[in-house]
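Notes follow once the structure below has been shown.
The values are calculated or read from the model by the stated rules, or taken from the named source; none is laboratory data. This structure is a prediction, so every number in the text was calculated from the model and none was measured. Note that each Cβ is placed from the backbone with ideal geometry, even for glycine, and that neighbours are counted across all protein chains shown. Just so you know, the surface numbers come from the protein's heavy atoms only, side chains and all, with ligands and any DNA or RNA stripped out. Shrake-Rupley method; radii C 1.70, N 1.55, O 1.52, S 1.80 Å.
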Amino acid sequence: MRPTPHYCAPCSRFGQARIPLARLAIALCITFGGWSCAESPTRETVQPPPGETDTAPPRQTLSLDLPASPYRERFNAVESALATSDWMTASATLQRIPRAEVSAEDDAYATYLQARIAWTRGDRKQALGLLAAATREGNSPGLAYRIASFRHYMLGLGGDTLESARLAAQILKSSPGPRGSAWKQRAWRDLQRASSEQLALALETAMDPEWIAWLQLAQDARGNPNTLSAVLADWLALHPEHPAANPLPGGLEYARQLQPPGQVALLLPLSGRLAPAGEAVLNGYLAAHYAARQPGGSRIDLRVLDIASFPSATAAYDAAVQGGAGLVVGPLDKSAVAELAVRADRRVPVLALNRIDTPTVPAASALVQLSLSPEDEAVTLAELAYGRGGRSALIISPAGPRGAEVENALRTRWSALGGRVASTVNYSGRDDLSDSVKSALGLSASEQRARTLGDYLAMDLEFTPRRREDADVIFLLSRNGAEARSIKPLLAFHYAGELPVYALSTVYGGAPNDRNRDLDGIHLVEMPWLLGESAELRVALAAADYGGGNTTRLNALGADAHLVGSGFARLQSGAEALFRGHTGLLDMDPGLRIRRELSPATFDGGDLRRE
């Protein structure tokens with residue numbers, strides 16, 4: 001018989017957690033499938049995935065160099081100006097090329113450059129129209145590639161995920177070697193950005209067999225992680241020569257043969273100050289664990305240790321390893337993660353549930369960091385706003401170190417994309433919100449100019465303050481919904497109601513609230529867990545009274561810890577590893593930090609809906 005998870009700690013208090021955890025386990029077993037939770041699966045052996053060149057047919061090398069042109073020097077000058085977002089210089093340089101005298105190739109190239117100028121200015125519609133005009137039958141392969149590549153970039157940032165995926169799949173077919181591998185990953189990422197509903201609808205209407213296979217693979221990869229190997233084998237049997245095969249994208253090649261460890265130890269705080277957070281993460285993990293179990297599947301024992309009952313994170317880790325853990329999930333506290341990060345004798349890999357700023361010490365086993373980092377949200381927010389045409393931003397953020405870190409992440413990505421910051425203001429509390437908004441919008445300076453003029457003329461002037469006109473987007477980095485509900489009407493009152501506002505997920509409390517009507521029209525990024533996906537898990541948690549409210553995001557973190565832990569071997573593919581998680585689209589940076597890309601959403605009638 002398969003045992004229920006072990007709960008371990010060196011103190012008697014931990015035993016008090018067993019009753020509610022058992023109640024959750026029973027509820028989850030009933031919810032998912034109705035079969036016994038005591039199955040005894042077997043463990044499979046592991047094999048490394050085959051290399052890319054084992055079965056892939058050779059591709060013909062295609063030159064993407066542009067043909068010779070008497071205007072190459074000027075074209076290069078335009079490219080150089082656009083590389084620094086200097087569209088005015090680019091436009092002036094392009095105008096010096098006599099369009100009536102150029103060849104058809106150079107005319108198409110000039111039109112393509114005009115599209116990039118329009119995009120840099122923020123006119124997405126005009127840019128797409130110019131790219132369509134530049135797409136011509138006689139274009140050289142190099143120019144055709146540049147046009148298609150830039151169109152893909154625009155579609156991806158603009159949120160047209162399936163269209164950008166289809167375009168990437170088309171480009172892949174004529175892209176050899178490393179370039180082709182990159183386009184395979186781009187197509188796959190675009191597909192993973194799409195919602196499950198979008199995928200299902202696309203499958204119903206698709207006609208091209210190759211595109212249908214792409215969509216089917218994307219849908220299959222979202223299934224049960226414990227049956228993923230068999231599902232992938234079935235797909236490959238049907239599509240052995242498909243561009244997505246040999247190797248599969250997103251690290252899926254490793255999922256074909258490698259399985260999770262026999263025992264997973266969860267190091268979570270289940271007593272003390274962080275107990276509510278630890279229990280929320282544990283409940284999410286258990287929900288995903290029981291949902292994924294299959295009769296006859298591989299055996300995965302869970303061992304839960306109350307890290308708060310150990311003298312240190314190191315002691316808890318040692319207890320987990322001595323108990324036979326093949327993977328350690330946790331800790332949750334940042335200082336505990338930092339403690340394990342400096343251990344050079346880590347014999348068992350760690351999936352930490354927080355992110356630290358310092359590098360980890362090289363060891364025999366990896367320490368991967370999964371967290372709900374707001375910096376990831378800021379990066380996604382910058383990409384969303386830029387993709388929709390924003391170019392000059394006002395930033396309103398709370399004072400303090402945490403607000404500064406999030407603002408810095410936003411600024412860094414915004415600048416890298418080509419955006420500029422027109423103004424920024426930090427507020428300390430609700431008492432100075434109005435003055436802060438006025439300062440950000442330049443109204444204080446407008447009022448001062450009016451007072452100075454009135455003093456000069458020795459008369460009272462009637463005037464309407466004018467806000468600054470050099471911004472087309474507002475980033476609101478507020479800490480919670482209450483602050484956002486106070487700031488949004490101030491923007492309208494101070495003549496900025498027409499500017500689009502982009503906010504962090506902190507403005508949403510995680511549950512429906514009538515007061516959210518005050519946030520209508522705000523654009524934000526949110527985890528799929530709160531946008532209608534992962535419904536089964538959320539229902540199971542609600543049935544056991546362990547989901548919702550302030551803990552729901554931590555439930556999702558726990559579910560993602562199970563997802564990544566179950567597919568831990570996929571992380572061997574490095575930057576190519578990609579999981580469609582419950583908290584966002586997950587990939588990994590060179591520092592072994594899992595990054596999240598969240599989904600765009602907005603408030604409509606007080607309800608949060610996906611855009």
Taking segment 522-576, which residues are among the acidic types (D, E) and closer than 16 Å to V281 by Cα? D545, D560
Out of everything in segment 358-375 that is touching a strand residue (DSSP E or B) at 6+ places or on another chain (Cβ under 9 Å) and without any contact (Cβ under 8 Å) to a residue 24 or more places away in the chain, what residue ends up being farthest from A569 (Cα to Cα)? V361
Condition broken by L530, with the remaining ones in (1) farther than 19 Å from L394 by Cα; (2) more than 22 Å from the chain's Cα centre (by Cα); (3) modelled with pLDDT of 90 or more satisfied: (2)
Complete set of residues in segment 353-365 that are of a type in the set (A, V, I, L, M, F, W, C) and at pLDDT 95 or above: L353, I356
Scanning for something over 20 Å from S229 (Cα atoms), assigned to a loop (DSSP other than H, G, I, E, B) and of a type in the set (S, T, Y), does segment 550-558 turn up at least one residue? no
Looking only at segment 487-508, which residues are open to solvent by 30 Å² or more (accessible area, probe 1.4 Å) and touching a Ser or Thr at 6+ places or on another chain (Cβ under 9 Å)? L490, F493, Y495, T506
For residues in segment 71-87 being in contact with a helix residue (DSSP H, G or I) (Cβ under 8 Å, 6 or more places away or on another chain) and in a helix (DSSP H, G or I), which is nearest to A416 (Cα to Cα)? L82
The lone exception for P359 - which of (1) assigned to a loop (DSSP other than H, G, I, E, B); (2) closer than 26 Å to L537 by Cα it fails: (2)
What's the number of the condition G521 fails, among (1) surrounded by 19 or more Cβ atoms within 10 Å (Cβ to Cβ); (2) modelled with pLDDT of 90 or more? (1)
For the condition within 30 Å of R355 (Cα to Cα), open to solvent by 10 Å² or more (accessible area, probe 1.4 Å), of a type outside the set (D, E, K, R) and modelled with pLDDT of 90 or more, what is the one hit in F475, F568? F568
Residue identified as under 15 Å from G251 (Cβ atoms) and within 14 Å of the chain's Cα centre (by Cα) among A569, A577: A577
At least 2 residues that are within 30 Å of P247 (Cβ to Cβ) and either touching a residue at least 12 places away in the same chain (Cβ under 8 Å) or open to solvent by less than 40 Å² (accessible area, probe 1.4 Å) (or both) in each: list the helices (runs of 4 or more DSSP H) lying fully within segment 95-201 that qualify. 141-158, 161-172, 177-193
Are any residues in segment 356-374 surrounded by fewer than 19 Cβ atoms within 10 Å (Cβ to Cβ) and farther than 23 Å from D318 by Cβ, and if so, which ones? D357
L282 passes all but one of (1) modelled with pLDDT of 95 or more; (2) over 14 Å from A559 (Cα atoms); (3) not hydroxyl-bearing (S, T, Y); which number fails? (2)
Does A325 satisfy being out of contact with any helix residue (DSSP H, G or I) (no Cβ under 6 Å at 6 or more places or on another chain), closer than 24 Å to N226 by Cα and part of a loop (DSSP other than H, G, I, E, B)? yes
In this structure, does L267 turn out to be aliphatic (A, V, I, L, M), open to solvent by less than 10 Å² (accessible area, probe 1.4 Å) and either in a loop (DSSP other than H, G, I, E, B) or modelled with pLDDT under 95 (or both)? no
Starting from residues that are in a loop (DSSP other than H, G, I, E, B) and in contact with a helix residue (DSSP H, G or I) (Cβ under 9 Å, 6 or more places away or on another chain), keep the ones in segment 337-355 and report whichever is most open to solvent (accessible area, probe 1.4 Å). R347
What's the total number of residues in segment 310-325 that are surrounded by 19 or more Cβ atoms within 10 Å (Cβ to Cβ) and either of a type in the set (F, W, Y) or out of contact with any Phe, Trp or Tyr (no Cβ under 6 Å at 6 or more places or on another chain) (or both)? 6
